[in-house]
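This is the structure I want to talk about, given as structure tokens.
Values quoted throughout were computed directly from the atomic coordinates according to the rules given, and no laboratory measurement underlies them. Note that the coordinates shown come from a computational prediction; the quantities given were computed from them, not determined experimentally. As a convention, Cβ positions derive from the backbone with ideal geometry for all residues, glycine included, and neighbour counts pool all protein chains shown.
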Amino acid sequence: MYILMVIVFVIGYLAIALEHPIKIDKAASALLTGVLCWTVLVFGAGDILNIDMGYSIPQLIEQGKLLLKSTDKHWHELGHYISGGVYEYRGDETTPYVIGHFINHELLHHLSEIASILFFLLGAMTIVELIDAHEGFAVVTDKITTTSRVKLLWIICIITFFFSAALDNLTTAIVMAALLKKLLKGREDIMLFGGMVVIAANAGGAWSPIGDVTTIMLWIKGQITAPVVIGTLIIPSMVCALVPLIYLSFTLKGNVKSKLGMVESEHLTNPTTPAERNTVFFTGLACLLFVPVFKTITHLEPFMGILFGLGVLWTLTEIMHRSKNHEEKSEKSVLGALKKVDTASVFFFMGILAAVAALQTAGHLVEMASFLQTSIGDIYVINLAIGLLSSIVDNVPLVAGAIGMYEIAPVGSTGEAAFFMVDGAFWKFLAYCAGTGGSCLIIGSAAGVAIMGILKIDFIWYLKNISGLAFAGYIAGAGTYYVMFAL
């Protein structure tokens, strides 16, 4: 059953990658993969979690006490749950169903994390659609007059890189995807620029303590401090984004098929005034920028900040259009924007994160992290491997596994222990690798998943055209870090 979970995940992964040849939407494949991974875990719980379902309650409690002594975070948590005596009786009152309870407990725990991401995604996408409904992106697109592929690519990537550090890579990807749809007409151009947005967004998020969820994790848990991670990683992250950008500057020719100057048909029938356009654009942008500030002040999850921003913008637009007729008002309201939100992308996100959560609960990711430690040993190679693995499996549980494996060493430690002090080399390089390595595959990062869903970029197309560039940038940035701080 333990191996079967991996097989189900791999088959589901292939179905997502081969979405177009098999003509099955990736959201359907992701949902099936997520549910089936948890189903296999339920039916094979005894073998997978190494707990005998036939134990009596006293024996099971004793086994839980043994697991409590484990240094492994996963097994220690299971031991704590078993020792707590959460049981259900069915027929024979000595038959415990604690494993089923534990799995449901873990599922709901992971669901809370997944839901926070999905609500954030839904809130950000709605804000972007609301800005678009008011032609707000014209504030930016009207300033961009070039149609040169190279010049436009540089403009888009620079904006993405720094926006990602100020917002985060997921929000930036959503905003830039909407911007690309307003700027570009050619399908090939949209996919190419979208792929580069993934690279630039992940690179920009890696050097900022609020730019990527893994960097946020390391910052909040105390492994890194904001001034040090910014000063250390900004140059390697720039190199990561610049290497593929410079390569494309020599290979791309000609001009893009531009939508500049074109107006969508719905805006011709129901136009907005310049005041409405500017008000909604700048308020929406302020709401997005306020999310990290809200988190810093309240310490609430980022999705609360995005929902607060959506509430503010919703109220503003309701007041702005309250004197208009129902049909005109509905086109410019949040209810109208919600109709345009790509809900399939939300379900895809849910499915893939649920599948990864099942592997985490079963212990696959912890075992993977332990294997890297015992078989490799060198912290730089371990981090490089974690970065590449994060392009296949979500980087959040991988980083969580690494945090669980290594304790923060005391200040003044020497030798290998010095790597694990606050702002030690292991933690800083982990922030870079986990943040940028996911760009190597389009479903390896939140930004990539969002771009894939919004711009309809094919997995295989990205693999052929962008993955090599992303890998080159990833290795170049890692090499830059090594030369600057390890030699």
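Suppose we look only past 28 Å in the calculated P(r) of region 112-343. What percent of the Cα-Cα pairs does that tail hold?
Of all Cα-Cα pairs in region 112-343, 35 percent lie more than 28 Å apart.
Cβ neighbours within 10 Å, averaged per peptide: list 298-306, 165-173, 240-248, 479-487 in order, most packed at the top.
For the peptides 298-306, 165-173, 240-248, 479-487, the packing ranking is 165-173, 240-248, 298-306, 479-487.
Take region 197-237, drop everything but the C-alpha atoms, weight them equally and run the Debye formula without solvent; then report log10 I(q)/I(0) at 0.30 Å⁻¹ to two decimals.
-1.00
While we're on this one: Let a ≥ b ≥ c be the square roots of the eigenvalues of the Cα gyration tensor of region 354-485; is it rounded (a/c under 1.5), or, if not, prolate (a/b larger than b/c) or oblate?
Oblate shape, in that a/c is at least 1.5 and b/c is the bigger or equal ratio.
Additional query: Residues with amide H under 5 Å of LEU184's amide H, sequence separation 5 or more or different chain, H placed in the peptide plane at 1.01 Å from N; which?
LYS259
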